[in-house]
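Undergrad: Just dropping this structure here.
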Amino acid sequence: MQIDDETLMAFADGELDPATTTRVAAAIDADPDLQARLRLFSESRNRLQAEAQDAFAQSSAQDAQLIARIRAASVAPANTAAATSGAVDISAATPGNINRRPLAAIAAALALALIGGGLWWQLGDSAGSARLDAAQVAALDNLPSGEAQALDEQTTLTMIASYRNGKDELCREFETHNATGMKISVACRDRDDWSPRFAMDVEAATDGYVPAAGELEELDAFLANTQAGAPLTPEEEAAALAE
């Protein structure tokens with residue numbers, strides 16, 4: 001029985017039908033060369049899987065650190081915050097467009113069970129009575145991810161990332177900060193208008209602590225449920241905003 005590499009790899013991955021699996025297994029048992037090829041395929045696959053898992057773990061840890069740094073840099077002390085008319089660039093120390101990796105559907109389901117007060121979640125095309133003010137819309141239209149700008153004397157908006165959801169809508173995650181806490185929000189562009197899709201309140205902490213990405217289960221669940229794609233690069237973001 002002649003066994004090509006594709007069939008041998010499918011055998012190693014358990015993807016053959018039972019009858020073919022039996023024939024291939026018998027051929028491998030009788031052929032030392034096939035045994036060596038199978039061992040090579042299996043070892044290569046296991047090594048690649050281990051490397052991919054290690055890279056994912058390292059990237060996830062870096063993502064959490066970068067997101068925490070963006071949030072920490074954007075939280076101004078309540079008694080010292082002053083409004084400015086321009087954008088404050090914090091991207092030199094903390095790049096925007098962090099790689100968000102939505103959780104699996106089971107994680108989304110578990111997180112949804114934990115959703116409590118201070119959160120509304122809109123999965124439709126609009127968010128009911130919730131509205132974005134003119135300053136927020138202007139920031140969504142123009143502010144690059146990783147930058148912050150004052151909305152008024154008490155409130156600062158920080159743009160976290162841009163991405164496309166499962167409907168291919170352009171969406172932007174941002175945070176607003178004031179003396180009492182911060183709100184994490186997501187708005188998506190529906191035709192020419194921005195529509196709020198997610199918001200949750202986070203109370204201000206006296207020690208200046210801000211949550212990292214992995215601690216925001218509701219946000220992770222929302223991103224997973226709406227099939228959030230990878231964050232756009234700065235170039236992709238600029239092109240998408242110009243559309």
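The values are calculated or read from the model by the stated rules, or taken from the named source; none is laboratory data. Everything numeric here is computed off the predicted structure, so don't read it as measured data. Glycine gets a Cβ as well: all are built from the backbone with ideal geometry, and neighbour counts include every protein chain shown.
Undergrad: Looking only at segment 136-150, decide whether some residue is over 24 Å from A224 (Cβ atoms), in a loop (DSSP other than H, G, I, E, B) and modelled with pLDDT of 90 or more. Talk me through it step by step, then tell me what you get.
TA: The initial filter retains those residues of segment 136-150 that are over 24 Å from A224 (Cβ atoms), namely 136-139, 141-144, 147-150.
Checking the rest, the ones that are also in a loop (DSSP other than H, G, I, E, B) come to 143-144.
Next, from what is left, pick out any that are modelled with pLDDT of 90 or more: 143-144.
The answer is yes, given that some residue of segment 136-150 is over 24 Å from A224 (Cβ atoms), in a loop (DSSP other than H, G, I, E, B) and modelled with pLDDT of 90 or more.
Undergrad: If I filter segment 168-202 down to residues being out of contact with any strand residue (DSSP E or B) (no Cβ under 8 Å at 6 or more places or on another chain) and of a type outside the set (G, A, S), which single residue comes out as nearest to L140 (Cα to Cα)?
TA: D193
Undergrad: State which residue pairs qualify: first residue over 16 Å from E43 (Cα atoms) and inside segment 5-32, second residue of a type in the set (A, V, I, L, M) and assigned to a helix (DSSP H, G or I) in any location, beta carbons under 7 Å apart, and separation of 6 or more residues or different chains.
TA: T7/V24; L16/A10; L16/V24; A27/L34; I28/L34; I28/L38
Undergrad: Taking the residues in segment 200-232 that are charged (D, E, K, R) and modelled with pLDDT under 85 as candidates, determine which candidate is farthest from the chain's Cα centre (by Cα). Show your work before the answer.
TA: Just the residues of segment 200-232 that are charged (D, E, K, R), to begin with: 201, 203, 207, 215, 217-218, 220.
Next, from what is left, pick out any that are modelled with pLDDT under 85: 203, 207, 215, 217-218, 220.
Numbers: E203: 22, D207: 27, E215: 13, E217: 12, E218: 12, D220: 7 Å.
Once the filter is applied, the top-ranked residue is D207.
Undergrad: Within segment 189-199, restricting attention to residues that are within 18 Å of A134 (Cβ to Cβ) and outside any loop (DSSP other than H, G, I, E, B), which residue is modelled with the lowest pLDDT?
TA: D190
Rundown of residues vs (1) surrounded by fewer than 10 Cβ atoms within 10 Å (Cβ to Cβ); (2) small (G, A, S); (3) out of contact with any strand residue (DSSP E or B) (no Cβ under 6 Å at 6 or more places or on another chain); (4) modelled with pLDDT under 80, yes/no style:
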| site | (1), (2), (3), (4) |
| --- | --- |
| E15 | no, no, yes, no |
| P18 | yes, no, yes, no |
| I28 | no, no, yes, no |
| L38 | no, no, yes, yes |
| E43 | no, no, yes, yes |
| A50 | no, yes, yes, yes |
